[in-house]
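Notes follow once the structure below has been shown.
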Amino acid sequence: MSDSDKYPADSGRRRFVKGVVGGAALAGVGTTGAAAINTATSSSGHGGGSTQAYAIENTAGPAPRGMPQIPIEIDSDGFIKGVWPDVQTVTQNGVEVSLALVDDYKGTGVTYSQDWFQYCGVQSYEGLAPDFESDNYFRSDSGKYDWQRDAYSSGDKLNIADFDDYTEWGNDIGQSGLGKPATGTWRSQDVENVIPIQVLRSKRIEEAAKDNEWLAASTDKGVIAWLNKCTHFCCVPGYKQSSDAAKFNAEDGVYCQCHQSVYDPFSIVQTLFTALPRPEE
Ligand code: FES
């Protein structure tokens, strides 16, 4: 039985397809966070404040905005890493602070900084310290997918070669062939607080990157990654991880089981929010 037999197109599917990365989605700046923008940094600490990030779009449920993208690179041996910008000293609110930040990411004009990830307590994680020593590779966690548990032990670096079947992969949740996912960790070796990430290799991303400057700079070979912390109450959502997702038209998206927020990993938008400061060291 083909996938289209098993999963006939419905209105939810069509809506999802329309959400494929494109000019319209990328041009839009999410306004959900706008009300909070000028509150600046109210508690003491470093960094934070009004931040514009690229994110996988939040399309349903109570989450206030998308989950931030992590720009990636693939090394010559195929291992996938999340880019961590160089550390700079910048003046914020009259105070000099160290911040991992690049003003013009790979010539895109985008300011990419650690502020993108400063919410849900992640701002105090060891891996968010600007100068935390890490090779920045994505490493497998215990694995949320059968293929991942077969291919990797926890802590193994994710490699593009293991995503070769990305145009066919499926797992009986939603439509097969949209992309191949894995879950993992970033900048979290030998520390208490683990930064959860999700990667997805998809033809849709590969195609969209051909005529989108930001995606061309922040993805490679169809691989996109994001910080996997729901912006609602900080649960860890999943792409094709829950059969419940279908009840919320989220079988082909990223679904948070806690309160049914849905994210579309094929629709990358700019989102504006107030990043929390890192605690004083
Ligand atoms: S929807 Fe509430 S934590 Fe994700």
SER188: within 16 Å of the ligand (Cβ to nearest atom) and among the hydroxyl-bearing types (Ser, Thr, Tyr), yes or no? no
Find all pairs meeting these conditions: Cβ atoms under 8 angstrom apart; at least six residues apart or on different chains; first residue within region 254-267 and in contact (Cβ under 8 Å) with a residue 12 or more places away in the chain; second residue acidic (Asp, Glu) and more than 9 Å from the ligand (Cβ to nearest atom). VAL254/ASP264; TYR255/ASP244; GLN257/ASP244; TYR263/GLU57; ASP264/GLU57; SER267/GLU57
Inter-residue pairs, beta-carbon under 6 Å, first touching a residue at least 12 places away in the same chain (Cβ under 8 Å) and in region 231-245, second of a type in the set (A, V, I, L, M) and within 12 Å of the ligand (Cβ to nearest atom), 6+ apart: THR231/ALA63; HIS232/ALA63; PRO237/VAL254; TYR239/VAL254
Taking the options GLN69, GLN114, GLN92, name whichever one is surrounded by 13 or more Cβ atoms within 10 Å (Cβ to Cβ) and modelled with pLDDT under 95. GLN92
Considering region 181-194 alone, what residues qualify as being more than 23 Å from VAL110 (Cα to Cα) and surrounded by 17 or more Cβ atoms within 10 Å (Cβ to Cβ)? PRO181, ALA182, THR183, GLY184, THR185, SER188, VAL194
Please count how many residues of region 160-201 are part of a helix (DSSP H, G or I) and acidic (Asp, Glu). 1
All but one of (1) of a type outside the set (Val, Ile, Thr); (2) touching a Gly at 6+ places or on another chain (Cβ under 8 Å); (3) at pLDDT 95 or above hold for ASP150; which doesn't? (2)
Tell me, which residue of region 206-248 that is within 16 Å of the ligand (Cβ to nearest atom) and under 23 Å from ASP75 (Cβ atoms) is surrounded by the fewest Cβ atoms within 10 Å (Cβ to Cβ)? LEU227
Please verify whether SER76 is at pLDDT below 50 and of a type in the set (S, T, N, Q), treating the condition exactly as stated. no
Which ones in region 250-279 are surrounded by fewer than 24 Cβ atoms within 10 Å (Cβ to Cβ), among the polar types (S, T, N, Q) and away from the ligand (no atom under 15 Å from the Cβ)? GLN270, THR274
Please enumerate the residues belonging to region 141-155 that are crowded, with 18+ Cβ neighbours inside 10 Å and touching a helix residue (DSSP H, G or I) at 6+ places or on another chain (Cβ under 6 Å). GLY143
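The values are calculated or read from the model by the stated rules, or taken from the named source; none is laboratory data. Small disclaimer: the values here were computed from a predicted structure and weren't measured. Heads up, the Cβs are rebuilt from the backbone with ideal geometry, glycines too, and the neighbour counts pull from every protein chain shown.
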